[in-house]
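Everything below concerns the one structure shown next.
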Amino acid sequence: MSKFDTFDFNQAIPIISEDTEFFPLLSPQDEDEMRNEDIPEILSILPLRNTVLFPGVVIPITVGRDKSIKLVKEAYKGDKTIGVVSQKDMSVEDPGFDQLHKVGTVANIIKILQMPDGNTTVIIQGKQRFKLQELVQSEPYIKAKVERFAEEKPKTSSKEFKALISSIKELALQIIQLSPNLPSEAGIAIKNIESPTFLVNFISSNLALELPAKQELLELKDFVKRARLLLEHLTNEVQILELKNQIQNKVRVDLDKQQRDYFLNQQLKTIQEELGGNTPDLEMEDLKKRAKNKKWPQDVKEHFDKEIEKLARINPAAADYSVQLNYLELLLDLPWGEYTKDKFDLNRAIKVLDKDHYGLDKVKQRIIEYLAVLKLKNDMKAPILCLVGPPGVGKTSLGKSIAKALGRKYTRMALGGVRDEAEIRGHRKTYIGAMPGRIIQSLKKAGTSNPVFVLDEIDKIGSDFKGDPSSALLEVLDPEQNTHFYDHYVEMEYDLSKVMFIATANSLSTIQPALLDRMEIIEVNGYTIEEKIEIAKKHLLPKQREMHGLQNKDVTLNNKVIEKIIEEYTRESGVRGLEKKIGSVVRGIATKIVMEKPHSANVSAEVAEEILGAPIFDKDSYENNDVAGVVTGLAWTSVGGDILFIESSLSPGKGKLSLTGNLGDVMKESAAIAMAYLRSHAEDFGIDYRIFDHWDVNIHVPAGATPKDGPSAGITMLTALTSLFTQRKVKEKLAMTGEITLRGKVLPVGGIKEKILAAKRANIKEIILCKSNKKDILEIKEDYIKDMQFHYVSEMHEVIDLALLKSKVKKAKDLNKFNNEPAKEK
């Protein structure tokens, strides 16, 4: 290991105090004699690493370099005069001439000491400054030509000078008082110094300054400037020491307060024990007792034991104590390895599901399949079901029925508007107010690790700068990953594989594709009128009677009244609005009972209308079919199916196509495709191709304030245009849905069940569909569509043949006026 030549102030004081001949207090006369001594033209140069030697000052130097040891020994045998210069970079082991500062101090070697640890210590005293000129030799040590570095003598008689020196002396003494590690001998020495120049040099040498600051003091010629700069350094050092002492005093006070609090807490603990209260020791005993009864994995047990040991080391008065205590209580409250026993009676499960919900056969069948497989295998990862459908069809309430059928606990988590990832994964314990995620909280509340867990409105999760909760749900809803679900607060993996997650959504379009891929999608479509009547009789009316304090004998509704309410006061796929209207009727009867007004328990249609007011909706009726160009289409909306009228008209012009009715881009494209197909196949439908250049076409979809869009109106648009240009009207009680291509192909569309229900509400008897949609019709019970006729097509000309009558309408427009141009011969 390399050695450097260094100065140790802690070694200087014992040497100075034990042997005063090494530390002469220079008088002004002695200092003048030393300043006027001649200096050799060539000096042996001793580099110093961490200090600067000032004139008149005695310091001990630990010599470690071989070159330096040889230099001081030879000089000590000779005239004992050397040049001492500080090196620029303290990390350089063997500095060259260029790596030394240019201003140094001529020094006299007073004594060489061999220390007990084997190091060589040299006592040197500075004499006067010099400046390096040029290098004479590098080996075995550096020799250089030097010149005297003249120093301007100050005017010591001025008041300003005396005040400056006095301030320096006072601050130096103040520093010694503020520094307990400095001996009192240093203060005595400073008081006894008479020479201002030596005082400044002595303080500069012993003040705890960086090497560049000391070198700057050495290189200043003007003594007054040097004294003022030293005064600045002393002032700064005093301020630092005062601040340091203030901090230490404050820490000492805080420690005293902690000790006081500790003794007070010990006394409080004793008082609580006498009164039978709960103390920290009793709390830990209670935690350990509860832990013995837990059926948790070995790694969780080890983690708990480690955390409870950490709690024992925390002062009960500290803020961290309650945080750690809450964490341990959560670990104990979680149902590690605790499961409810499933009820495998499939017949009972079917009865429970049928009792709570009418219809929904596909969902019920999936639950029965799960139970059957679970009974055979006895260990199965729970499926992740996603019930998709319009509002009010019973998706959320299905979760309770499924839990009842399985004999499991039920818990629900509303995801609508959740934007923070920590809602799912929890906060880290280091945060103030940290909490576990809502998944873990729900399991704690359920008290079992295999509940039926409903994730409501999963399509309405948001995301912002706090994270993406839908991405956090990927681990929760992946059967391959949720065996090791990690919550940031719990800091342990938790098995969610036995939890039966049921998500609900109104639409799949807003669900993240990766999340959608992990779920089994089950569509819950709207109800037919017959189904709504049964639901109203079996569920809604009894529920409203109970809510309003009535009995069965007080109010009943027959099928006709319920059907009237469905058709004239609600227009929805679900039954939420129907329940509200039935509630209004029940309240109306309850009011009459309380006011003792005459009424009949069997509510008639007239009484229902009196309570509910005038009908809100008329039965969907057709536009006047005596006019060509009017077609009935079927549409899907967020609340179910609806019928959609497409109207078209002609006016003399140049073949311009206008679209009105607040249509979206998809419907505009459908209209453009229909017009392009009709122009290219005009002869197939008996239309003169010149007609298109002399008549403007306007297609309108009524209710212009309502935005409309979707891929279901293609064949309806083309039928309307064909009817308009051929002046053949459309069959009565006919509706259609499907998309077209430029080649005239009919494409399948979605939402068929909802559209069929809307058609039935409107008393439509015939429906035209794509052949690919036949499978959707087969899923609907035959009893609900027995009076309806379905036509399945694949080409557009089939639609025209089925939809349009052979004869033209009465008073058909004469379209063959082409400004006296001859009509094309056929």
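The values are calculated or read from the model by the stated rules, or taken from the named source; none is laboratory data. A quick note: this is a predicted structure, and the numbers were derived from the prediction, not measured. FYI the Cβ positions are ideal-geometry reconstructions off the backbone, even for glycines, and counts take in every protein chain you see.
Close contacts from segment 32-44, counting a first residue that is touching a residue at least 12 places away in the same chain (Cβ under 8 Å) and buried (at least 16 other Cβ atoms within 10 Å of the Cβ) and a second that is of a type in the set (S, T, N, Q) and part of a strand (DSSP E or B), with Cβ to Cβ under 7 Å and a gap of 6+ residues or different chains, come to Met34/Gln128; Arg35/Gln128; Ile39/Gln128. Scanning segment 268-288 for residues that are in a helix (DSSP H, G or I) and surrounded by fewer than 10 Cβ atoms within 10 Å (Cβ to Cβ), we see that the one that is modelled with the lowest pLDDT is Leu275.
Scanning segment 143-170 for residues that are basic (Lys, Arg) and part of a helix (DSSP H, G or I), which turns out farthest from Ala227 (Cα to Cα)? So, considering only residues that are basic (Lys, Arg) and part of a helix (DSSP H, G or I), the one farthest from Ala227 (Cα to Cα) is Lys159. Here segment 289-314 is the region considered, the condition is being over 33 Å from the mean Cα position of the chain (by Cα) and part of a helix (DSSP H, G or I), and the residue that is surrounded by the fewest Cβ atoms within 10 Å (Cβ to Cβ) is Lys292.
Among the residues making up segment 600-622, a single one is more than 29 Å from Thr637 (Cβ to Cβ), crowded, with 16+ Cβ neighbours inside 10 Å and free of Cβ contacts under 8 Å to residues at least 40 places away in the same chain: Val607. Residue under question is Tyr489, and the condition is that it be surrounded by 18 or more Cβ atoms within 10 Å (Cβ to Cβ), among the hydroxyl-bearing types (Ser, Thr, Tyr) and either within 18 Å of the chain's Cα centre (by Cα) or outside any helix (DSSP H, G or I) (or both); does it hold? Yes; evaluated as a whole, the condition is true for this residue.
Considered as a group, the residues in segment 326-340 that are surrounded by 15 or more Cβ atoms within 10 Å (Cβ to Cβ) and assigned to a loop (DSSP other than H, G, I, E, B) include one that is nearest to the chain's Cα centre (by Cα), and that residue is Leu334.
Determine whether segment 357-370 contains at least one residue that is in contact with a Lys or Arg (Cβ under 8 Å, 6 or more places away or on another chain) and under 27 Å from Ile566 (Cα atoms).
Taking segment 357-370 as the starting set, the residues that turn out to be in contact with a Lys or Arg (Cβ under 8 Å, 6 or more places away or on another chain) are 357-358.
Narrowing the set further to residues that are under 27 Å from Ile566 (Cα atoms) leaves 357-358.
For segment 357-370, residues in contact with a Lys or Arg (Cβ under 8 Å, 6 or more places away or on another chain) and under 27 Å from Ile566 (Cα atoms): present.
Just one of the numbered conditions (1) in contact (Cβ under 8 Å) with a residue 60 or more places away in the chain; (2) in the same structural domain as Glu480 (by TED's automatic domain parsing); (3) among the aliphatic types (A, V, I, L, M) is not true of Val323: (2).
Within segment 481-493, is there a residue that is under 13 Å from Ile384 (Cα atoms), without any contact (Cβ under 8 Å) to a residue 40 or more places away in the chain and not assigned by TED's automatic domain parsing to the domain that holds Ala608? Scanning segment 481-493 turns up at least one residue that is under 13 Å from Ile384 (Cα atoms), without any contact (Cβ under 8 Å) to a residue 40 or more places away in the chain and not assigned by TED's automatic domain parsing to the domain that holds Ala608. Scanning segment 794-805 for residues that are within 55 Å of the chain's Cα centre (by Cα) and touching a residue at least 60 places away in the same chain (Cβ under 8 Å) yields Met796, Val799.
Residues checked against (1) aromatic (Phe, Trp, Tyr); (2) under 45 Å from the mean Cα position of the chain (by Cα); (3) more than 24 Å from Gly526 (Cα to Cα):
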residue: Thr632; (1), (2), (3): no, no, no
residue: Ala635; (1), (2), (3): no, yes, no
residue: Gly641; (1), (2), (3): no, yes, no
residue: Leu644; (1), (2), (3): no, yes, no
residue: Glu647; (1), (2), (3): no, no, yes
residue: Gly655; (1), (2), (3): no, no, yes
residue: Thr660; (1), (2), (3): no, yes, yes
residue: Glu669; (1), (2), (3): no, yes, yes
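Here the condition is being more than 25 Å from Glu33 (Cα to Cα), touching a Gly at 6+ places or on another chain (Cβ under 8 Å), part of a helix (DSSP H, G or I) and at pLDDT 80 or above; of Leu241, Leu229, Leu234, Leu173, it holds for Leu173 alone.
Among the numbered conditions (1) out of contact with any Phe, Trp or Tyr (no Cβ under 7 Å at 6 or more places or on another chain); (2) at pLDDT below 85; (3) assigned to a helix (DSSP H, G or I), the only one that Glu31 does not meet is (1).
Candidates Val352, Val388: the one that is within 34 Å of the chain's Cα centre (by Cα) and touching a residue at least 24 places away in the same chain (Cβ under 8 Å) is Val388.
Among the residues of segment 114-142, how many are of a type in the set (D, E, K, R) and assigned to a strand (DSSP E or B)?
Count: 4.
Across segment 184-226, the qualifying residues are those that are part of a helix (DSSP H, G or I) and of a type in the set (D, E, K, R), and the one among them that is surrounded by the fewest Cβ atoms within 10 Å (Cβ to Cβ) is Lys191.
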